[in-house]
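Worksheet for the structure shown next.
The values are calculated or read from the model by the stated rules, or taken from the named source; none is laboratory data. A quick note: this is a predicted structure, and the numbers were derived from the prediction, not measured. Cβ: placed from backbone, ideal geometry, glycine included. Neighbour counts: every protein chain shown. Keep in mind that these areas ignore ligands, DNA and RNA; they rest on the heavy atoms of the full protein, side chains included. Shrake-Rupley method; radii C 1.70, N 1.55, O 1.52, S 1.80 Å.
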Amino acid sequence: MSTQFQFQTEVSQLLNIVVNSLYSNKEVFLRELISNSSDAIDKARVLSLTDKSVDEKQWEIRLNIDNDAKTLTISDNGIGMNLQDAKIALGTIAHSGTKAFMEKMAEGGDDNADLIGQFGVGFYASFMVADKVTVLSQRVPENGKISKAIKWESSLKEGAYSLVELDNPRTEGTEIILHLGDDNNEFLDAYTIKELVTRYSNFISYPIIMQEETVVPVDNTDTDTDTDTDSDTDDADTTEETTTEMKDVTLNSMQALWMKPKSEVTDEEYNQFYKQQTRDFLEPFKTIHYRAEGTNEFNAMLFIPSKVQLDIYYKDYKIGPTLYVRRVQIMENCEQLVPLHLRFVKGVVDSSDLPLNVSREILQSNKQVDMMRKSISKKILATLKSTLKNERDEYTKFYGEFGKVLKEGIHYDMERKEDVAALLLFESTATEPGNFTTLDEYIQRLPENKNNIHYITGQSRSQLQESPYIEELQSKGLEVIFATDDIDDMILRTLGEFKGKQLLSASDATPKTTNDDEDNKEQPNLSDDETNFVDFLKEALTDNVSDVIPSTRLRSYPSLLTNQGFAPDPHMQRILESMGQEYTPPKKGMEINMNHELVKKLQQLHAKDANSDDLKGYAQLLYDNAVVSEGGTLDNPGDYVKRVTNLMTKIL
């Protein structure tokens, strides 16, 4: 006789969370139920080791579709439930669904257990697709004692369920029958069910079996029939008769490739798995397969692609490897497991003890996740470092694809910014075009008394190697890095120093205090006429520059502009403007080469006639030429052309 019970919780509130809030896709109900079945078999297997009354058997999970009854059944031969078990696991959601539990989940504490793994909220995901759920279960013997089978049933009406013991024993295990709602008929389709098993539960340890209609030949052998000896009989016209019968088909592979020792996995298996997971037609650049042991155990099989994904810079780019817990897929893209600058890495991470929140879809913020993230980041960077050292050409190809993404780590990952910086590649004045150096290699070439790394940013090597900003550095035999990526100015300024060496932009004002004695040149002594000329330039160009000073570094150029303070270089300024960001750069300083023939003639003209009509125009041309030399953009190119045209006309 059936007995009615009330749920021991605020059912309407709980079901609103489970059905409408916790799961982004209702199809995960199947994952939850299969996971519960797997847990039930695990418990039975462990019990069979100590309790001789529990038989070791061919453990399995079965799925059955009944289109006429509109039911989907999930059954297992695991530990099963008796009356008391069912009250606790199915009727009293207290273990994972009461108000106290929901408050605890809201706190997000680190001590929350993997509650979804218990028969509780995960089980109630069934009601996302079912109008009614029926559970039939027979517990395995306990110390030789056999319990009665039970039947649990609920449609969630009035917050109630029925639970009754059955007179007749059943096969050990649990059978869950989902009476599907009218809007969930897709879960009566065998192909859909197989696809969901492959996606979410392919690597469950036990076979997930479903019967499938299979065509088989009919055996028409009749030993009583005389043999046809007619030579005119044409065997080709004989049509083989067939029929159909239901056969068991195993839907999951049961083999988690990442759980196997690395030595047992072939390159072909790695490549096939990568292509299946990513739908990439190319083989991966690198495969990282390892097991982390200790207080936080997990297996990882990670892949670095060969080519950059076209959408990697878009906001909605999917970041992170697929997360499994005990070979059950929890999240397809777990962005908490990799930092932003390693977002190109794909693969699988499988934790044996990771705490999850109630939906299995959103990881709790806890120390375990941080430890996993650090371990994965360290392993990826170590792999790249080894490749850089031992396979330079291959690494250069990788860097050409992912270098811009990788160097974001200097800005976003302060803890590992120097590790990332060691992986950067640049052309420099010491390399041939198309060849690259690292910051470590730059330091190895530094003279003993030098402690600075010099760089210049711009659009191309061809532009930068003719820049007035580097001619003095080159005259001293100092190497200058050509930083030509859009974000290099921001990245290198953020880095600041590398292994105790200060990074200095050649486009900044001449450093007043550095570790290099030769950089601490005093300002040259000027005559009164020269001083007056410099003051004239300051006044004439007051709208353009913050200051004019005699240069200690110019050789063949008459003038150049210098960044003041921490202003971005001209290349970065153009990028900010192209992105529509409002940015008003501070005025630059201007250095003039007092030894240049042009400057000398202008100074002489000023000494003769400080009020010359042409002198202010020449001063503006001196500034305009400096703007062009740094790769900047003139505010009014038309005025510049007029001044140059007038000057050429006078000369000719």
Inset, instruction - Just need a number here: residues in the stretch 157-210 that are more than 25 Å from Ala86 (Cα to Cα), assigned to a helix (DSSP H, G or I) and open to solvent by less than 50 Å² (accessible area, probe 1.4 Å). - result: 9
Legend entry - Residue check, Leu282 buried (at least 18 other Cβ atoms within 10 Å of the Cβ) and in contact (Cβ under 8 Å) with a residue 12 or more places away in the chain: no
Inset, instruction - Test Ile410 against the criterion of being in contact (Cβ under 8 Å) with a residue 12 or more places away in the chain, out of contact with any Gly (no Cβ under 9 Å at 6 or more places or on another chain) and either more than 14 Å from Lys286 (Cα to Cα) or open to solvent by 10 Å² or more (accessible area, probe 1.4 Å) (or both), and give yes or no. - result: yes
Legend entry - Among the residues listed as Phe436, Phe426, the single one being open to solvent by 50 Å² or more (accessible area, probe 1.4 Å) and modelled with pLDDT of 95 or more: Phe436
Legend entry - Residues of the stretch 134-151 satisfying the condition of being in a strand (DSSP E or B) and at pLDDT 95 or above: Thr134, Val135, Leu136, Ser137, Gln138, Ile150, Lys151
Inset, instruction - May I ask you to list the residues in the stretch 132-150 that are surrounded by fewer than 22 Cβ atoms within 10 Å (Cβ to Cβ), within 18 Å of Ile177 (Cβ to Cβ) and hydroxyl-bearing (Ser, Thr, Tyr)? - result: Thr134
Inset, instruction - Give me the pairs, please: first residue somewhere in the stretch 297-324 and in contact (Cβ under 8 Å) with a residue 40 or more places away in the chain and part of a loop (DSSP other than H, G, I, E, B), second residue anywhere and surrounded by 21 or more Cβ atoms within 10 Å (Cβ to Cβ) and polar (S, T, N, Q), beta-carbon distance under 8 Å, and either six or more positions apart or on two chains. - result: Glu297/Ser351
Inset, instruction - Looking only at the stretch 377-414, count how many residues are within 18 Å of the chain's Cα centre (by Cα), acidic (Asp, Glu) and in a helix (DSSP H, G or I). - result: 1
Inset, instruction - Find the residue count for the stretch 325-347, including only residues that are part of a strand (DSSP E or B) and touching a Lys or Arg at 6+ places or on another chain (Cβ under 8 Å). - result: 5
Legend entry - Yes/no for Ser53 being open to solvent by 30 Å² or more (accessible area, probe 1.4 Å), small (Gly, Ala, Ser) and at pLDDT below 80: no
Legend entry - Scope the stretch 439-468; condition under 31 Å from the mean Cα position of the chain (by Cα) and surrounded by fewer than 17 Cβ atoms within 10 Å (Cβ to Cβ); matching residues: Asp440, Glu441, Gln459, Ser460
